[in-house]
Every structure is written in structure tokens, then in C-alpha cells.
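Right, one structure below, let's go through it.
The values are calculated or read from the model by the stated rules, or taken from the named source; none is laboratory data. Please read these numbers as outputs of a predicted model, since none were measured by experiment. Because the Cβ atoms are built from the backbone with ideal geometry, glycine has one as well, and the counts that use them run over all protein chains shown.
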Amino acid sequence: MSGPSRSSGPSRSSDALSSARDERVSKGGGEERAAYRDRDRDPIIETRDLTRDFRVRDGLRRKQIRAVDAMTFTVGAGSAVGYIGANGAGKSTTIKMLTGILVPTSGEVRTCGLRPVEDRRRLAREVGVVFGQRSQLWWDLPVRESFGILAAIHGLDAARERARTDELVDRLEMGEFLATPVRQLSLGQRMRAEVAAALLHSPRLVILDEPTIGLDVLSKQRLREFLVEERREHGTTLLLTTHDMGDIERLCDRVLVVDHGRLAYDGTLPGLSAKVGAQRVLVVDLAEPGEDLTGIPGTQHLASEAQGLQQRLAFDAEQTTAARVLAAVSARADVRDLSIEEPDIEDVVRRLYSGSPWRGRATDTGGSAG
């Protein structure tokens, strides 16, 4: 496993990152200091004032857009961090700088102790990436052959390739489609193969960009369970970007919320819930039109549609349960069907700034953030 270069000792930028860590550890109360010490031990990702500007055409002129603005954070080895924000918040740009695809305009970044741009070839051995909407597999080749090509690219010997492939095939239940061309796989099968491909060389860091997008409930559950096991058994560090709060809740012990290129929140998921509320929305279809279901304890009536046949009620999952709300609804009306909506990332960001746990769903009448 490759490590940082030893040729010339610590660089000035490495000293700057170390100083930033020391400064963070020295601040705050005892619990906060302990959390930072644990987070900064053997850091896998370190950034300090990381910034990236783009110049875009605006009519006859070109203007400067700041996609990432002075981002500073650290991710410790073996942790699982959700990196979330609305579309256009700067997530993809950050990931491209972490992996050496983009050069920062200013600031410092280290990934697995390496400089992403200068050490990009070595970094590829330490990092695996999964893009939910893009494939790293060969479309017309069987899955097994794609794995063989990737193993050769990463320089795995035959014994290591065979052992790791067998492990992943068994744990991800891929035996039935190993000989199938990628283009013939279902979405759930392809995502299992994509995750296996990213983990084939046993990277220290895995970056997952929308890994469960488009998957059915069972496929999501299988993939989440596997990632939890991978982290536990191999100490793999996970950095997850997603619009599915279920992914964050089941996989991550820390959340970074980015908004307009700036870090808006860095902490635990319960801490984020305390700020924005653990809001859920109960969508109730009634057997016949009825009055608005207002006044139910622990809820806020959001909307009534189709002459009252469908009604939406928001509730805080930390204050009450869907079962209690449904019982109260059933006592007042004949329920034909129901569903529960979890908040999406845009809602979380809006509520983080509004200070109101109900504001996102209750006042949003337009499309999602771009």
C-alpha cells in the first residue's frame, strides 16, 4: 500500500494542515476536543480553506463563479461521513479536487496523505469511487471480465484478485450474473457490480456518489447492509453524497452540509435533526371526501387535495410515531391508503437556515433546488 512521499520531509502545506488540526483540537469543551482528536487521528481527508473558482461566459463577458469557498474539514480513518447539499452546492467540485481531477484555485488538500493532483496515480490505489449514474464497467463484457481488467489496472496479483473477487461475489450475491454482460444487468445488479469494482483493490477510502439512486427498497437495503459490513470488517472510510436521507441515517455517523460552496454544518446526524427537526410527512388517502385533519397532536396539516380525499400531515419522528398519528387519523376518517415521505436533502438545507422544522414542506410550492 503506497504512502506519502518521504523524499523531502514535511512540506510547508503539510505543516499548515497540521497546525489547523492542532488549532481545532485546542478549541471547544472537553467533549468537542475529544471528538476532534478522534476525528483527526490518522486523517484520510484533510482540507484547509479549499477553494475552487470557475470562469463562465455571461453574454459577451466572462464572470467568475466560486463553486467551493474556503472549505475546511477532516475525515478520520474508518469513519462514514455524509457530504450533502442541494444540487449545485459544490459537492461534485469538492470530490473532483479530493481525487485530483480538478486543481484547487487556492487552499490545501490531502487525500490518504497524498497530494491529489501531483500523486494522482498513487492515489488511485488508495481510493475507490462509485457514481450512481456513471459506470466504470465495460458495457459489452461479462462482469467477471470487467473485474479482471480492473484488477490488472490496479496491479493485483492473481491470488489477491481471486480472493478479493470471491469475497465480494459472495457478500454481494453476484454469482448468478458474473458471466452476464453489464448491459444486460438490472439496475440493482449493476450497482452491486459497481460497488464491487470500486472495492476490488481494497481502497482505504470509498467515495459514493448517489449509490442507491433508482434502486428499489430491497436493493437499497442490501447495498446499505453490505457497506456497513465492509466498513466494520476492513476499516474502510466512506464519504457519501446522496439525496436520500435514508442512506445518511443508515450509513453515516457524521454529516457535512454544504450550501453555496460553504460548510453550513459539521456534526452528528442527531445534532442535525435537533437543528432542523426529524420531520416526516404522512400522506393519507381517504375512502371518501372529508374535512381537513387538523388538530391532531404532534402534527401540522400541510395540504388537502381532491376535495379532501388526500391529505398531508407533517410530524416530528422524535416527538411522536407514524402509528400514533395514523391511529388518530383513523379515529376521524376511513383510511384507504397511506405513505410516509422522508425529507429530501433540499428540505434539510432549507430548514437548517430557516430555523423552522416545518417550513420546508409546508411552504415549498415549486420544484427542487437546482
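Annotations
The rows are residues; the columns are (1) small (Gly, Ala, Ser); (2) crowded, with 18+ Cβ neighbours inside 10 Å.
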{"position": "LEU187", "(1), (2)": "no, no"}
{"position": "ALA197", "(1), (2)": "yes, yes"}
{"position": "LEU215", "(1), (2)": "no, yes"}
{"position": "LEU218", "(1), (2)": "no, no"}
{"position": "GLN221", "(1), (2)": "no, no"}
{"position": "LEU240", "(1), (2)": "no, yes"}
{"position": "ASP247", "(1), (2)": "no, yes"}
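- Selection count, the range 96-128, where residues are touching a residue at least 12 places away in the same chain (Cβ under 8 Å) and either within 18 Å of the chain's Cα centre (by Cα) or assigned to a helix (DSSP H, G or I) (or both): 9
- The set of residues from the range 287-297 being surrounded by 15 or more Cβ atoms within 10 Å (Cβ to Cβ) and farther than 11 Å from ALA333 by Cα comprises just one member, ILE296.
- The criterion of being among the small types (Gly, Ala, Ser), in the same structural domain as PHE226 (by TED's automatic domain parsing) and closer than 16 Å to VAL130 by Cβ holds for GLY188.
- For LEU205, the criteria (1) touching a strand residue (DSSP E or B) at 6+ places or on another chain (Cβ under 7 Å); (2) at pLDDT below 95; (3) surrounded by 21 or more Cβ atoms within 10 Å (Cβ to Cβ) hold in every case but one, which is (2).
- Residue in the range 165-174 that is touching a Gly at 6+ places or on another chain (Cβ under 6 Å), buried (at least 18 other Cβ atoms within 10 Å of the Cβ) and in the same structural domain as VAL255 (by TED's automatic domain parsing) present: yes
- Lone qualifier among VAL325, VAL348, VAL329, VAL284 - being among the aliphatic types (A, V, I, L, M), touching a helix residue (DSSP H, G or I) at 6+ places or on another chain (Cβ under 7 Å) and either in a strand (DSSP E or B) or at pLDDT 85 or above (or both): VAL284
- Just one residue in the set THR242, THR237, THR212 is polar (S, T, N, Q), closer than 19 Å to ARG164 by Cβ and in contact (Cβ under 8 Å) with a residue 12 or more places away in the chain; that residue is THR237.
- The residues on offer are VAL258, VAL284, VAL228, and the sole one that is loosely packed, with under 15 Cβ neighbours inside 10 Å and β-branched (Val, Ile, Thr) is VAL228.
- Residue check, GLY188 farther than 27 Å from LEU156 by Cβ, in contact with a Leu (Cβ under 6 Å, 6 or more places away or on another chain) and not polar (S, T, N, Q): no
- Selection from the range 42-60 of residues that are at negative phi, surrounded by 14 or more Cβ atoms within 10 Å (Cβ to Cβ) and of a type outside the set (A, V, I, L, M, F, W, C): PRO43, GLU46, THR47, ARG48, THR51, ARG52, ASP53
- Exactly one residue among ALA124, ALA77, ALA70, ALA89 is on the phi > 0 side of the Ramachandran plot and surrounded by 15 or more Cβ atoms within 10 Å (Cβ to Cβ), and that residue is ALA70.
- Those helices (runs of 4 or more DSSP H) lying entirely in the range 129-220 with at least 3 residues among the acidic types (Asp, Glu): 158-171
- If you go through the range 309-334 and pick out every residue that is touching an Asp or Glu at 6+ places or on another chain (Cβ under 7 Å) and aliphatic (A, V, I, L, M), you end up with 1.
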